[in-house]
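**Q** One structure is given below, represented as structure tokens, and several questions about it will come after.
The values are calculated or read from the model by the stated rules, or taken from the named source; none is laboratory data. All values derive from a computational prediction rather than experimental measurement. Note that we place each Cβ from the backbone using ideal geometry, even for glycine, and neighbour counts take in every protein chain shown. Note: accessible area is taken over every heavy atom of the protein model, side chains too, but ligands, DNA and RNA are not part of it. Shrake-Rupley method; radii C 1.70, N 1.55, O 1.52, S 1.80 Å.
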Amino acid sequence: MLIFNEEGIQRALGEKLCLKNICVPNLTMYATTEREYEADFVYFNHNKDFLTEVEIKTNIEDFRNDFKKHRFHDDKHVKYLYYAFSNFQYNLFKDEIEEKCKSVGAGVIVVSRTTTARMKKTSSYLVTYKKKAKARIGYTPLTDMDKLKIMRIGCMKWVK
């Protein structure tokens with residue numbers, strides 16, 4: 001069954017991206033001068049040297065509150081930031097979402113349900129990139145050691 005909570009959207013993103021990327025849910029992002037924060041979902045291609053962070057929002061109040069935080073998705077390795085929403089939430093608040101995301105250079109991902117075989121009533125996720133994120137200037141490239149650490153954590157996160 002498809003559920004549009006944080007875990008359901010993480011699974012949808014993982015299914016969409018896992019063949020070409022290393023995907024990790026709920027990764028704690030550390031900094032030497034700031035408090036850590038938790039990224040809902042990050043991914044990177046093993047041939048690239050940057051992270052893409054996806055902040056998952058299951059309601060509009062959570063999205064609005066995100067812009068009031070002291071620390072705003074600013075890990076040094078993140079080159080692209082996206083916000084992910086269910087299709088329902090996105091359609092209800094499309095203008096507000098796009099305006100706020102544009103103001104910080106974030107992209108928008110929408111997750112919806114699609115019936116792939118009506119006779120069998122099977123469903124799957126459709127992940128759509130509605131708006132591309134702007135590349136952040138001055139990000140720090142991932143080293144091979146950084147990638148290994150993230151992959152190790154990812155293995156522990158997906159397997160319970």
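**Q** Tell me the label-point distance for the pair GLU98, ASN26, using the 7 Å Cα-to-Cβ offset, in nm and rounded to one decimal.
**A** 3.4 nm
**Q** Then there's this: Full-extension gain between ASN5 and LYS130, please, as 0.36 nm times their residue separation minus the C-alpha to C-alpha distance. If you can, show how the numbers build up before the last one.
**A** Numbers: separation 125, 0.36 × 125 = 45.00 nm, distance 1.95 nm.
Stretched out fully, the ASN5 to LYS130 stretch lengthens by 43.1 nm.
**Q** Leaving out ligands, DNA and RNA, what percent of the accessible area of the chain is carbon and sulfur, probe 1.4 Å? Walk me through the numbers on the way to the answer.
**A** Working: 5190 of 9830 Å².
Of all accessible area on the chain, carbon and sulfur atoms account for 53 percent.
**Q** Taking a quarter of the surface of the Cα convex hull of segment 12-58, what do you get in nm²? Walk me through the numbers on the way to the answer.
**A** Values: hull surface 15.7 nm².
Average projection, Cα convex hull of segment 12-58: 3.9 nm².
**Q** Same structure, new question: Given LYS69/LYS94; LYS76/LYS134; LYS131/LYS157, which pairs have Cα atoms separated by over 26 Å? Walk me through the intermediate numbers first.
**A** Numbers: LYS69/LYS94 22 Å; LYS76/LYS134 15 Å; LYS131/LYS157 28 Å.
From the list (LYS69/LYS94; LYS76/LYS134; LYS131/LYS157), the Cα-Cα distance tops 26 Å for LYS131/LYS157.
**Q** Among the lysines, which have Cα under 18 Å from the Cα of LYS68 when same-chain residues fewer than 8 positions away are ignored?
**A** List returned: LYS57, LYS100, LYS102.
**Q** Report the calculated FRET efficiency for GLU15 and ILE137 (r = Cβ-Cβ distance, R0 = 22 Å), to the nearest 0.05. Present the calculation step by step, with values, prior to reporting the outcome.
**A** Working: r = 31 Å, r/R0 = 1.43.
Computed FRET efficiency for GLU15 and ILE137 comes out at 0.10.
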